[in-house]
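This report concerns only the one structure given below.
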Amino acid sequence: MLRLIVRQYVSGLRESGADKRQMGLNAFWIAYAFFVLPAPYKFYDTGTGAGIYLALAIPMAWCTLESVFCPIRMPKILFLCPMDAQMRQTYIRGTYRFKVVLHTLLGIVGAIVSMAFGNDWLGTLGAACNMLLYSLFGVGVDAAASNQGGEDLDISRWGRIAVRVIGCVLIIILQLIYVSAAVEGGILAQARWEQVLIGCLTALALLFAARYVGYWKTMQEEALFAIREEKL
Amino acid sequence: MLVELENITKRLGKFCLEDISMQLPEGYILGLIGPNGAGKTTLLHVILGLYQPNAGTVTIDGMSYADHEVAIREETGVVLLEDMFDGGLTLTANGERYGKFFKNYSGRTLETYLERFGLKSKCRYRSLSRGEKLKFQFAFALAHDAKLLVLDEPTGNFDREFRREFFRVLKEFIADGTRSVILSTHLTDDLDRVADYILYLENGKSVFSGDIETLRESYRLVTGEPWQIKAIARELVIHVEEGEHGTRALVKNSRRLPDDRDLTVAVPTIEELMYFITKR
């Protein structure tokens, strides 16, 4: 099953099924993240700042983009192959876990690179955990749902989308804080109140992530549909 | 019966497929016809288990999707107007990747059909034209020894020469009397020659479902002068069309048709049936 998941992932990257509008929106925010957001913080003023920012931002940007052009979805051909419901659920679950692990690993690599630029161990750990939380939100099962006609979404999905958006914003803010702290020598070098703030934001992000993971069963069932009837 | 649909209803937004029933025994070809938007593709998706009907039952070889989905999929070969395979892989690699889900899949059979259809097994799926992709889907469907072939309007994308080959292959497929074909198509000329059963849909409703001989015997195409056509009882007339060279009307076949030697009465082709019924 893992082999199938990896092959389908590679195929998905090659044969992007991206909704152009969603892709355009995500591309805009990524461009904003790389060119506009760092400006007030002057991250690009020094090599250290630029190195840390890019090391922690690139994995997030990849997770965001990939959730659009390669969302978790059963390809139609697999619905027409002799697979029972149990196998399909295993495929969807396995794909989700694979993507979370992949993006977390990318986040860990980025965090380790930030350590090379002067981040402390707590900041490195925090950034890596942040990437794990972001991948839980961003891996794209919900993108598969929302891609199929936002105007047709029912009210229960608006709640899920709100949790996702707020959670992602929180994590992005946290990541910015980690970058700022890393540029100044790490979290341990920050004032006590700043450390408490980081702790509180992390706890809040964890709550949102836990709430979002609670939607998992519904998202999995939706990803199992061959055709989203709401599209019509 | 290999395929049985009983009172299938499926609602999709404002469109509704209503109360469709059909039976297809082994060894026959069913032509699924109707104008654009009639619900042909929707019905095929219901037959393939991709849509859950709001009402009614689908039985394939005595099995339902709820209890025997894997077994039904083993027996069903599909050709749809979509890119279903991996564009970056060769035809052989695509066959291997998805063929391994089927117990009876044979790579050798796939190669045989690829050669027969003029496709190179080493070329990548994405480099094929639309018609070639459909040929590959067809070859793959044949390669896993399906009992039921479901084809959604493939013939419009085939050249004339391959269309002949396509229908030859379909006749070979059903020759042993244990397999059947459901073919959705706009090109009804060929159905006149190969189809045994017809299901005619219009606006989500079944206009006719049954064997082609009964369909043909149910109607007549009458050509004559306008006053002669007007003499036919109104309740028998489906639609009248006045042209430069006379007036034509599709009528129900009945003993009450006037016995007029100047009236030309012919058995309508499926295309003529569709044309007049759609126009009424």
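The values are calculated or read from the model by the stated rules, or taken from the named source; none is laboratory data. All values derive from a computational prediction rather than experimental measurement. Here Cβ is always computed from backbone atoms with ideal geometry, including for glycine, and neighbour counts include all displayed protein chains.
Observations
- Which numbered condition residue B:138 fails, given (1) within 13 Å of chain A (Cβ to nearest Cβ); (2) among the aromatic types (Phe, Trp, Tyr); (3) crowded, with 22+ Cβ neighbours inside 10 Å; (4) under 28 Å from residue B:195 (Cα atoms): (1)
- Residue check, residue A:83 within 30 Å of residue A:187 (Cβ to Cβ) and modelled with pLDDT of 85 or more: no
- Checked against the criteria, residue A:91 counts as part of a helix (DSSP H, G or I), under 21 Å from the mean Cα position of the chain (by Cα) and within 14 Å of chain B (Cβ to nearest Cβ).
Per-residue answers, yes or no, for (1) farther than 25 Å from residue B:185 by Cβ; (2) under 21 Å from the mean Cα position of the chain (by Cα); (3) not assigned by TED's automatic domain parsing to the domain that holds residue B:188:
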site	(1), (2), (3)
B:208	no, yes, yes
B:226	yes, no, yes
B:230	yes, no, yes
B:250	no, no, yes
B:256	yes, no, yes
B:262	yes, no, yes
B:272	no, yes, yes
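- Take the conditions (1) more than 30 Å from residue B:272 (Cβ to Cβ); (2) in contact with a Pro (Cβ under 7 Å, 6 or more places away or on another chain); (3) more than 8 Å from chain A (Cβ to nearest Cβ); residue B:66 misses just one of them, which is (2).
- Yes/no for residue B:87 being within 13 Å of chain A (Cβ to nearest Cβ), modelled with pLDDT under 90, surrounded by fewer than 17 Cβ atoms within 10 Å (Cβ to Cβ) and in contact with an Asp or Glu (Cβ under 7 Å, 6 or more places away or on another chain): yes
Matching residues to (1) modelled with pLDDT under 85; (2) surrounded by fewer than 17 Cβ atoms within 10 Å (Cβ to Cβ); (3) part of a helix (DSSP H, G or I):
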position	(1), (2), (3)
B:190	yes, no, yes
B:221	no, no, no
B:248	no, no, no
B:251	no, no, no
B:265	no, yes, no
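- All positions within the stretch B:98-120 that are in contact with a Lys or Arg (Cβ under 7 Å, 6 or more places away or on another chain) and either among the aromatic types (Phe, Trp, Tyr) or facing another protein chain (nearest Cβ under 9 Å) (or both): B:117
- Exactly one residue out of B:199, B:183, B:215, B:170 is touching a strand residue (DSSP E or B) at 6+ places or on another chain (Cβ under 8 Å), touching a residue at least 60 places away in the same chain (Cβ under 8 Å) and assigned to a helix (DSSP H, G or I): that is B:170.
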